[in-house]
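Input: a single structure, listed below in structure tokens.
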Amino acid sequence: GRYPVEQRIEDKKRGIGRQKSPYIVWVLSLAMLGVFVWELVLNAREQGSPFSFKPVVNYMLGPSSVALINTGARFPACMKTVQDVPITLQMGCMNNTANPPDSDRLCTIGELCGFGGIEANAEPDQWFRFITAIFLHAGIVHFALNMIAQFTLSAQIEREMGSIGFFITYMAAGIFGNVLGGNFSLVGIPSVGASGAIFGTLGVTWVDLFAHWKYHFRPVRKLIFMTIELIIGFAIGFIPCDLTGFVMGLFVGSIFYPVISESKRHRIIMWGFRVVGLVAAIILFVILTRNFYTSDPYAGTCRYLSCWPTAANNRCQGTGAYPLPHIVTMLIICSKPCRIDHDRSHHDELTTTLLTHIIQSPSD
């Protein structure tokens, strides 16, 4: 044919892919830069500074959590009815930097959700946050780390896969990471970042390694280093989004990655993986999306995927009090002596103002 197997193998060994330039990576990165600039502009307009210093310092050098919620972070209360965090609950407005907050500058969660707001008697339905959260970042540090990974790992994967297959894989991993994160993360934690999508492209490198084992230089050593890299990435990241993004990258990447098959047996095996990957991806998307809207997974043990239980965060109970700076700090101020009752039948007895301040990890 016009592109014989021998030439494809030689190009593979030399690192030559389907195209020379990672056009989608450039476009996505430019879009993320534009969104991040808007986050800083919004925070500067509301608080007088592009970076949040009051009432909580964002050590990632970025906007407040309220600004992130307003610009499209994954935040379940804006996406569906959450009994513990209703849209009528009041928080400090974006320009309210006092601690405790000034009572004359309070906004409901429905107002802070942005995009036209959500009326008090309306059903929260901002499903698009599964997508928009991919383009937001918690600060300069977070943005810079994701861009380094995107312009190295993701760019090379796009060169090898081609723009169409890369874009589908990248977005599928990012969205699915947010779907699963929305299922099992604590409801009071807004989440942003492209780490799930980037880990999806990392999953594609595993497809490449196992599909082209004999073409890689010292594949066993490469597998060891990739395993260590994966463990470190999960250790410093936000496990639900990263792990599921990686898994979706394996499934979807196996469909679109250009695999070289020298034998009929290898070709049949790869097509088998593609069929399994397609079916698994569809089933997981359907089940977890339905689960997000119809069930209450936060009450079970899956909450521990995103929360390390300690006495300081009430053993991961409630909406998401978490002491570690890379996730979120939540402050509940009661209008009477604080007695947090986690029995939902008594939840409405408390008059609360919920202030949420995020310092998101670089890995989301």
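The values are calculated or read from the model by the stated rules, or taken from the named source; none is laboratory data. A quick note: this is a predicted structure, and the numbers were derived from the prediction, not measured. Note: ideal-geometry Cβ built from the backbone for every residue, glycine included; neighbour counts use all protein chains shown.
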Where PHE36 falls short, out of the listed (1) under 17 Å from the mean Cα position of the chain (by Cα); (2) at pLDDT below 90 = (2)
Can you tell me which residues in region 259-283 are at pLDDT 90 or above, surrounded by 13 or more Cβ atoms within 10 Å (Cβ to Cβ) and closer than 19 Å to TYR170 by Cβ?
-> ARG274, GLY277, LEU278, ALA280, ALA281
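Output the number of residues of region 180-199 satisfying the condition of being part of a helix (DSSP H, G or I) and in contact with a Phe, Trp or Tyr (Cβ under 6 Å, 6 or more places away or on another chain).
Narrowing region 180-199 to residues part of a helix (DSSP H, G or I): 180-184, 195-199.
Filter once more, so that each one left must be in contact with a Phe, Trp or Tyr (Cβ under 6 Å, 6 or more places away or on another chain): 182-183, 197, 199.
Number satisfying all stated conditions: 4.
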What is the residue count in region 51-63 for residues that are crowded, with 20+ Cβ neighbours inside 10 Å and touching a helix residue (DSSP H, G or I) at 6+ places or on another chain (Cβ under 6 Å)?
-> 2
Could you figure out which of (1) out of contact with any strand residue (DSSP E or B) (no Cβ under 8 Å at 6 or more places or on another chain); (2) touching a residue at least 40 places away in the same chain (Cβ under 8 Å) isn't true of VAL27?
-> (2)
Given the conditions (1) under 30 Å from HIS216 (Cα atoms); (2) at pLDDT 90 or above; (3) not aromatic (Phe, Trp, Tyr), and given that ILE16 satisfies all but one, which numbered condition is not satisfied?
-> (2)
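How many residues, within region 132-158, are part of a helix (DSSP H, G or I), among the aliphatic types (A, V, I, L, M) and either surrounded by 24 or more Cβ atoms within 10 Å (Cβ to Cβ) or in contact with a Lys or Arg (Cβ under 6 Å, 6 or more places away or on another chain) (or both)? I'd like the intermediate steps shown before the answer.
Step one: list which residues in region 132-158 are part of a helix (DSSP H, G or I), which gives 132-135, 140-158.
With among the aliphatic types (A, V, I, L, M) added as a condition, the list becomes 133-134, 140-141, 144-145, 147-149, 153, 155, 157.
Filter once more, keeping what is either surrounded by 24 or more Cβ atoms within 10 Å (Cβ to Cβ) or in contact with a Lys or Arg (Cβ under 6 Å, 6 or more places away or on another chain) (or both): 133-134, 157.
Number of matching residues: 3.
How many residues are of a type in the set (Phe, Trp, Tyr) and surrounded by 24 or more Cβ atoms within 10 Å (Cβ to Cβ) when one looks only at region 172-216? Before you say what the answer is, go through the steps one by one.
Filtering region 172-216 for residues of a type in the set (Phe, Trp, Tyr) gives 176, 184, 199, 206, 210, 213, 215.
From the residues that got through so far, the ones that are surrounded by 24 or more Cβ atoms within 10 Å (Cβ to Cβ) too are 176, 199.
Looking only at that region, the number is 2.
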Region 71-93, subset crowded, with 24+ Cβ neighbours inside 10 Å, out of contact with any Cys (no Cβ under 7 Å at 6 or more places or on another chain) and not in a loop (DSSP other than H, G, I, E, B), residue modelled with the lowest pLDDT | GLY92
Within region 217-236, is there a residue that is in contact with a helix residue (DSSP H, G or I) (Cβ under 7 Å, 6 or more places away or on another chain) and crowded, with 22+ Cβ neighbours inside 10 Å?
-> no
Just for region 135-194: of the residues that are touching a strand residue (DSSP E or B) at 6+ places or on another chain (Cβ under 6 Å) and of a type outside the set (Gly, Ala, Ser), which one is nearest to ILE24 (Cα to Cα)?
-> ASN178
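Collect the residues in region 103-121 that are of a type in the set (Gly, Ala, Ser), part of a loop (DSSP other than H, G, I, E, B) and either in contact with an Asp or Glu (Cβ under 7 Å, 6 or more places away or on another chain) or in contact (Cβ under 8 Å) with a residue 24 or more places away in the chain (or both), keeping them in residue-number order. Walk me through it before giving the result.
Going residue by residue through region 103-121, those that are of a type in the set (Gly, Ala, Ser) are 103, 110, 114, 116-117, 120.
Filter once more, keeping what is part of a loop (DSSP other than H, G, I, E, B): 103, 114, 116-117, 120.
Residues satisfying the conditions are GLY114, GLY117, ALA120.
Limited to region 245-264, what total is found for residues that are outside any loop (DSSP other than H, G, I, E, B) and either touching a residue at least 60 places away in the same chain (Cβ under 8 Å) or not small (Gly, Ala, Ser) (or both)? Reasoning before the result, please.
In the first step, residues of region 245-264 are kept if they are outside any loop (DSSP other than H, G, I, E, B); the result is 245-256, 264.
Subsequent filtering for residues that are either touching a residue at least 60 places away in the same chain (Cβ under 8 Å) or not small (Gly, Ala, Ser) (or both) retains 245-253, 255-256, 264.
The qualifying residues number 12.
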